[in-house]
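Working notes for the structure below.
Each reported figure results from applying straightforward, stated rules to the coordinates on display, with no laboratory input. This structure is a prediction, so every number in the text was calculated from the model and none was measured. Here Cβ is always computed from backbone atoms with ideal geometry, including for glycine, and neighbour counts include all displayed protein chains.
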């Protein structure tokens, strides 16, 4: 609120988690492939070493994009406060987020910020971004979008 640009720890530490996720997914893939082709087992360590730089670049790019998304959200936050309030309420309604537990502002604080033409702070936006992704993931899992026979423009039939 005083002009600082801080992140939450889960944003600053996300590269380590992202790297671990990539490593686990690659090892699972190689394990499945190893059951089918014994040659992959002999080259597994070399394959993992060769992928290290690509994985690091991907993880760093992902981290950069997360920080950039937060910067855009932060810049637009005063103008988008009503949308953010709506998202907070929707996430609460769906029991995805507990406003008090997550340190999100209450209605009184939001009214004061609205009057001062202030938006959410960067850490508050990071929390909304994270829980918004969870809500989107839940929505996609319960939708029939995967079975949609009308591809988006630019999609190619496989």
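Sorting 118, 100 by the number of Cβ atoms found within 10 Å of their own Cβ, with the fewest placed first, yields 100, 118. Among 8, 109, the order by Cβ neighbours within 10 angstrom, fewest to most, reads 109, 8. When peptides 23-32, 81-90 are ranked by their average number of other Cβ atoms within 10 Å per residue, the highest-first order is 81-90, 23-32. Just so you know, the Rg over Rh for segment 77-141 is 0.97, from Cα atoms, with Rh as the Kirkwood radius.
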